[in-house]
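A.B. asks: Mind having a look at this structure? Questions to follow.
Any read-out appearing in this document is the output of simple, stated calculations on the displayed coordinates, not a laboratory observation. Predicted model, so just to flag it, every value in this text is computed and none were measured. For neighbour counting, all protein chains shown are included, and Cβ atoms are generated from backbone atoms with ideal geometry for every residue, glycine included.
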Amino acid sequence: MSDYDVLVIGGGIAGRTAGSFTARAGLKTAVFDAGESILRRNAHLENFPGFPVGVNPRLLLDLMREQAERAGCEWVDNEVVDVDRHPKTGFVVKTADSDEWAYRGERVLVATPGRFDYLRELPVETVTEEGKQFVEATSSGRTSVDGIYVAGRMAGKPLQAAIAAGHGAEVAVGLLKDSDAPYAFDWSVPAGYFTERGREIPPGVEEVFPEDRHERERRSLEVMRNHFSERHPEEPDSHPDI
């Protein structure tokens with residue numbers, strides 16, 4: 001059985017964002033991705049911050065996966081079919097390709113867009129709004145079961161990519177606060193920002209010298225040029241009823 005600090009169920013915008021945050025904070029994170037992100041059906045995403053004339057939705061998902069993997073996330077291209085408590089601590093997960101409980105995590109973050117039936121063994125409270133059922137949770141994604149969090153659409157958030165990303169980040173930060181991760185905020189600042197004022201550098205913050213900052217910018221420009229040099233090869237997914 002593979003052990004993790006965090007199991008993120010759902011590889012859409014919310015799940016990829018949450019995974020990036022937990023992995024960057026040093027928590028061993030696995031992201032389960034069944035390829036079901038609703039964003040794959042979008043023709044051209046035009047209201048996501050940072051792209052003045054829009055961005056190919058499938059390219060955005062590729063970029064977010066690469067970012068999460070660079071942060072340390074392990075990707076599991078499989079569907080989760082069952083979640084239950086581990087006899088000692090945390091939770092166990094079963095995927096569609098096996099009858100075994102192959103993964104264990106101290107915490108589970110649910111970010112699938114349209115289903116959460118795999119939580120049936122757990123006393124997770126739900127709420128119905130406008131005829132749709134969601135997992136009942138606080139604004140930080142905490143549910144009625146300690147250690148189970150929910151982000152994005154299944155938390156009742158609107159189907160908007162920017163909102164999903166923001167909520168995924170918010171829920172991940174809430175999870176980090178509940179864990180033992182020495183984490184304040186993920187931020188880099190110019191060298192001396194804190195130390196030259198006689199202050200300690202907060203957890204999750206680093207002071208960056210100019211040569212390092214310039215190298216990071218060079219790498220980011222190189223990666224982005226490579227991704228945007230040609231049209232993305234994938235076409236939008238069709239609606240399942242078509």
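A.B. asks: By its C-alpha gyration tensor, with a ≥ b ≥ c as the square roots of the eigenvalues, how is region 25-83 shaped: rounded for a/c under 1.5, else prolate for a/b larger than b/c, else oblate?
C.D. replies: The shape class here is oblate.
A.B. asks: Grab the other residues whose beta carbon is less than 10 angstrom from that of residue 40, score K and R as +1, D and E as -1, and report the net.
C.D. replies: Here the charged neighbours net out to -2.
A.B. asks: Which distance in Å, rounded to a whole number, links the C-alpha centroids of region 87-122 and region 169-194?
C.D. replies: Each part reduced to its Cα centre gives a spacing of 26 Å.
A.B. asks: Counting DSSP beta bridges in the chain, what percent are antiparallel, to the nearest 5? Can you show the working numbers first?
C.D. replies: Numbers: 14 of 35 bridges.
Looking only at bridges with both residues in the chain, the antiparallel portion is about 40 percent.
A.B. asks: Just subtract the alpha-carbon distance of residue 146 and residue 185 from 0.36 nm times their residue separation and send over the number in nm, one decimal.
C.D. replies: Working it through step by step, the gained length comes to 11.7 nm.
A.B. asks: From the phi of every residue in region 108-124, what ³J(HN,Hα) in whole Hz does the Karplus formula 6.51 cos²θ - 1.76 cosθ + 1.60 yield, where θ is phi - 60° and glycine or proline is x?
C.D. replies: 10, 10, 8, 9, 6, x, x, 7, 8, 4, 5, 8, 4, 7, 10, x, 7
A.B. asks: On to the next question. With each label point set 7 Å from Cα along the Cα-Cβ vector, what nm distance links residue 212 and residue 238?
C.D. replies: Spacing of the two 7 Å Cα→Cβ label points: 5.2 nm.
A.B. asks: In addition: Please list, ordered by chain and number, the residues whose modelled amide H lies under 5 Å from the amide H of residue 204; skip anything fewer than 5 residues away on the same chain.
C.D. replies: Counting only residues 5 or more places away or on other chains, the set is 184.
A.B. asks: Using mean Cβ contacts within 10 Å as the protection proxy, how do 173-180, 54-61 order, highest first?
C.D. replies: 54-61, 173-180
A.B. asks: I'm spelling it out carefully: the read-out is Rg and Dmax of the Cα atoms in Å, the candidates are (i) 18.8, 63; (ii) 17.6, 59; (iii) 17.5, 55, and one was derived from this structure. Which label?
C.D. replies: Working out Rg and Dmax of the Cα atoms in Å from the coordinates points to (i).
A.B. asks: Taking 0.36 nm per intervening residue step and subtracting the Cα-Cα distance, what contour gain separates residue 221 from residue 132 on full extension?
C.D. replies: Result: 27.8 nm gained on full extension.
A.B. asks: Putting +1 on Lys and Arg Cβ atoms and -1 on Asp and Glu Cβ atoms, find which of 191, 229, 205 reaches farthest to the positive end of the dipole of region 184-242.
C.D. replies: 191
A.B. asks: Considering the options 220, 101, 68, tell which one lies farthest towards the positive end of the dipole of the chain, charges being +1 on Lys and Arg and -1 on Asp and Glu at the Cβ, about the Cα centre.
C.D. replies: Ranked along the dipole, the leading option is 220.
A.B. asks: A further question on this structure: Counting only pairs 8 or more residues apart or on different chains, how many lysine pairs in the chain have their Cα atoms under 25 Å apart?
C.D. replies: Values: 28/88; 28/94; 28/177; 88/177; 132/157; 157/177.
Total qualifying Lys-Lys pairs in the chain comes to 6.
A.B. asks: Once amide H atoms are placed 1.01 Å from N in the peptide plane, what residues at a sequence separation of 5 or more from residue 81, or on another chain, have their amide H within under 5 Å of its amide H?
C.D. replies: For residue 81, the qualifying residues are 94, 95, 96.
A.B. asks: For region 184-242, compute the orientation-averaged projected area of the C-alpha convex hull (one quarter of its surface), in nm².
C.D. replies: 7.3
A.B. asks: Over the Cα atoms of region 98-144, each weighted equally, I'd like the Debye log10 I(q)/I(0) at q = 0.28 Å⁻¹, rounded to two decimals.
C.D. replies: Log10 I(q)/I(0), no solvent term: -1.36.
A.B. asks: Using θ = phi - 60° and the Karplus form 6.51 cos²θ - 1.76 cosθ + 1.60, what ³J(HN,Hα) does each residue of region 86-100 get, whole Hz, x for Gly and Pro?
C.D. replies: 7, x, 9, 7, x, 9, 10, 10, 10, 10, 5, 8, 8, 8, 9
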